[in-house]
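Following: one structure in structure tokens, then a few remarks.
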Amino acid sequence: MIILKYRLTHLIVLLFTVLVITGCASNPDKDRLPNSLSEADLYQLSNKYLDNSNYSEALKYLKALETRYPFGAFAEQAQLNIIYAYYMHSEPEAARAAADRYIRLHPQSSSTDYAYYMKGLASNTASVGLVERYLPLDITRRDPGQAMQSFNEFSELLKLYPDSKYAPDARQRMIALRDRLAEYQIHVATYYMKRKAYVAAIKRGQYVVENMQQTPAVPQALAIMIEGYQHLGLVKPANETLETLRLNYPNDPALDKKGNFIGNKVFSDVDPSVLNILTFGLLGDSGKGNSGKKGNTAKTAEPIQAPLPPKALK
């Protein structure tokens, strides 16, 4: 009886798979656009779908426009619109590739700064998946590769087009990315402290203090350095770093009212929540500290709205 049920279930799954494949292959010309559509028709229809936020349909018409009329009056505009449509369709890697292509084809265009800006924007959201959009994850704990790439691309935009209308927003995003990268270094330093790798933790703290000044992570980096030095018995650098903390951040939770260092945190692996264990530290509390510091509040990652592409018609 069990074998019969297994075979019946297997047969149902197989039939369902065949029906899906047959359905997908039954009409290969379904997505093919009529050859009678003119360049202007394709452009107008693509704009219609863009205005209605139907980005998949818009991309279909934009690609057809670029393929059929590569040197037409709407070709360059189509390439800009493709960047935008891919981004809004949550395809950041495709948006970056389209932006790179536009930059390569139109290095002297007045709209090239938009392509550079969209590259940075796409990289900024490339690591944001479906889970991050609906669950409150702390993105500062994620691999910083995409954040660093986005930072460098915005930096390139500012270097090449300092007066671009996208420059102010790029600068603000660079500040946020810098804060995120600094916080990631704090997470790594905390990891090393928990495992009593004090030299490695101190180096991470030093990196934040020396290279990421003006970020909110600096006082905690100093506190980690102080505690690391104390564990290693290095009194002089511990006192020098403590003086820096007192002078610049007198109200930091690592200091008492008299300015004495009361410890950055109790680094241990005890008392992590079940949620923290199951999500590898992305959700829940990782342990109890004694400094009163509050880490980044995890929140859902909202998609970043992109500006509409500029007009580049010939």
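The values are calculated or read from the model by the stated rules, or taken from the named source; none is laboratory data. As the structure is a prediction and not an experimental result, all values here were calculated from the model. Here the Cβ is made from the backbone with ideal geometry for all residues, glycine too, and neighbour counts use every protein chain on show. Note: areas computed on protein heavy atoms with side chains; ligands, DNA, RNA excluded. Shrake-Rupley method; radii C 1.70, N 1.55, O 1.52, S 1.80 Å.
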- Could you run through the stretch 37-46 and say how many residues are assigned to a helix (DSSP H, G or I) and open to solvent by less than 40 Å² (accessible area, probe 1.4 Å)? 5
- Message: Here's a check for you: in the stretch 235-258, which residue that is part of a loop (DSSP other than H, G, I, E, B) and of a type outside the set (Ser, Thr, Tyr) is surrounded by the most Cβ atoms within 10 Å (Cβ to Cβ)?
- Response: 254
- Query: Looking at the stretch 48-112, what helices (runs of 4 or more DSSP H) fall wholly within it and have at least 2 residues that are among the aromatic types (Phe, Trp, Tyr)?
  - Reply: 55-68, 75-88
- Residue in the stretch 202-250 that is farthest from the chain's Cα centre (by Cα), counting only those that are under 27 Å from residue 172 (Cα atoms) and among the polar types (S, T, N, Q): 248
- Query: Quick one: is residue 113 touching a Ser or Thr at 6+ places or on another chain (Cβ under 6 Å) and over 23 Å from residue 40 (Cα atoms)?
  - Reply: yes
- Report yes if residue 99 is more than 13 Å from the chain's Cα centre (by Cα), closer than 20 Å to residue 170 by Cα, at pLDDT 95 or above and not β-branched (Val, Ile, Thr), otherwise no. yes
- Item | Meets criteria (under 15 Å from residue 229 (Cα atoms) and open to solvent by less than 50 Å² (accessible area, probe 1.4 Å)) for residue 189 | yes
- Query: Within the bounds of the stretch 77-97, is there any residue that is touching a helix residue (DSSP H, G or I) at 6+ places or on another chain (Cβ under 6 Å), crowded, with 20+ Cβ neighbours inside 10 Å, under 13 Å from residue 304 (Cα atoms) and of a type in the set (A, V, I, L, M)?
  - Reply: no
